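The values are calculated or read from the model by the stated rules, or taken from the named source; none is laboratory data. All values reported here derive from a predicted model rather than from experimental measurement. No Cβ is skipped: glycine too gets one built from the backbone with ideal geometry, and neighbour counts run over all protein chains shown. In case anyone asks, the SASA skips ligands and DNA or RNA and just uses the protein heavy atoms, side chains included. Shrake-Rupley method; radii C 1.70, N 1.55, O 1.52, S 1.80 Å.
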Amino acid sequence: MTPVRRLLVGLDLSEETDGLVDSLPALRAWGVEELVLTHVAAASPVPILHRNDPTRGVAGKLSEAQACLEPHFRVSLCLAQGNPGGCLAEEAQVRSADGIVLGMRERSLLADALVGPTVLEVARHSSRPILLFPHASVESRRTRPILSPRSALVLHPVQLSGDESRVNALVRDLAVEESLPVSLLHVLDEGDPKAETEAVEKLERLAGELREAGVPEVEILLDHGEPWERILSRAGERSHTLVVMGTHARGPIPTLLLGSQSREVARRSRLPLLLVPRKPEPSGQGRRTG
């Protein structure tokens, strides 16, 4: 696996921003060395510099976040204008970031609030892994270490259909590099014995490949029911600390690109979630301004 050294962090400067910034030093233990703190404005960044907070402004808030993180990383700032998801994807490409980090706000149960539009757009425009910190995971950091390699346990939901080679390889290399145990989970519909037999065979084959590569511990979980419900239920067992999922590439609609199960898990998860797009990276979207 290509070492993860540089990450682009999208900051919307909402109330949850401070919690996300406070959580980022945990990534140093995973080998991350550089962060690009990026804020995207819908309008020209010049007049918004003092719109959010007349005493500090956008530039001031970014500088405060930079000062907080510089003891742990090399930190640079970026202020851009345009579509947030497109701009973040483009900045990640231009700056050769190894991944994109986003926070997830607490959301209502309204149908149009399944997952933040920025996450959908980033998944649409970028092939880079997306690390999501849900609000609940950020808040829980005060009582439980967040993403510590010494205590990490990865839950990897697999579909066993389509090309999952990219996400499987990322899970394998991450687990080998950090000596992490992995739980493989597949969720079936009720009442199909043949499908269950085939699923067990495929899971055993994948588990064997992981063990042969050097993953210290691989557990196989086979469930029945609604996938996102079972994923969240299993995530709460055995003190899992990270969920790693692949995303779909089905058509031009952003919600389909992310996938319904990934959307629901992102919407409700209390754990950090690493989404790995399957598709090649399209051309950059959005407008960069500096």
Could you list, ordered by first residue, the pairs with Cβ atoms under 7 Å in which the first is in the stretch 253-270 and closer than 17 Å to GLY236 by Cα and the second is surrounded by 20 or more Cβ atoms within 10 Å (Cβ to Cβ) and modelled with pLDDT under 75, at least 6 apart or interchain?
ALA266/VAL115; ARG267/VAL115; ARG270/SER137
Can you give me the number of residues within the stretch 174-212 that are over 27 Å from ARG270 (Cα atoms), at pLDDT below 95, small (Gly, Ala, Ser) and not in a loop (DSSP other than H, G, I, E, B)?
2
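Please verify whether the stretch 249-267 includes one or more residues that are open to solvent by 10 Å² or more (accessible area, probe 1.4 Å), modelled with pLDDT of 75 or more and farther than 18 Å from ASP189 by Cβ. Please lay out each step first, then the result.
Within the stretch 249-267, the first condition is being open to solvent by 10 Å² or more (accessible area, probe 1.4 Å), and the residues that meet it are 249-257, 260-261, 263-264, 267.
Applying the additional criterion that residues be modelled with pLDDT of 75 or more yields 264, 267.
Next, only the ones that are farther than 18 Å from ASP189 by Cβ stay: 267.
Yes, the stretch 249-267 has at least one match.
Kindly establish whether VAL36 is β-branched (Val, Ile, Thr) and modelled with pLDDT of 70 or more. I'd like the intermediate steps shown before the answer.
Numbers: β-branched (Val, Ile, Thr): yes; modelled with pLDDT of 70 or more: yes.
The answer is yes for VAL36.
Looking at ARG211, ARG166, which one is without any contact (Cβ under 8 Å) to a residue 60 or more places away in the chain and open to solvent by 80 Å² or more (accessible area, probe 1.4 Å)?
Details: ARG166 fails: without any contact (Cβ under 8 Å) to a residue 60 or more places away in the chain.
Going through ARG211, ARG166 in turn, just one is without any contact (Cβ under 8 Å) to a residue 60 or more places away in the chain and open to solvent by 80 Å² or more (accessible area, probe 1.4 Å): ARG211.
Are any of the residues in the stretch 175-183 open to solvent by less than 20 Å² (accessible area, probe 1.4 Å), among the small types (Gly, Ala, Ser) and closer than 21 Å to LEU232 by Cβ?
First, pick out the residues of the stretch 175-183 that are open to solvent by less than 20 Å² (accessible area, probe 1.4 Å): 175, 180, 182-183.
The next check asks that each one be among the small types (Gly, Ala, Ser); those that pass are 175, 183.
Next cut, closer than 21 Å to LEU232 by Cβ only: 183.
Yes, the conditions are met somewhere in the stretch 175-183.
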Exactly one of these conditions fails for TRP228: (1) out of contact with any Gly (no Cβ under 8 Å at 6 or more places or on another chain); (2) modelled with pLDDT of 90 or more; (3) not acidic (Asp, Glu). Give me its number.
(2)
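Listed here are the residues, each with its yes/no results for (1) farther than 21 Å from ARG267 by Cβ; (2) in a helix (DSSP H, G or I); (3) modelled with pLDDT of 85 or more; (4) open to solvent by 70 Å² or more (accessible area, probe 1.4 Å).
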| site | (1), (2), (3), (4) |
| --- | --- |
| MET1 | yes, no, no, yes |
| PRO25 | yes, yes, yes, no |
| VAL40 | yes, no, yes, no |
| ALA43 | yes, no, no, no |
| ALA80 | yes, no, yes, no |
| GLU90 | yes, yes, yes, no |
| GLN93 | yes, yes, yes, yes |
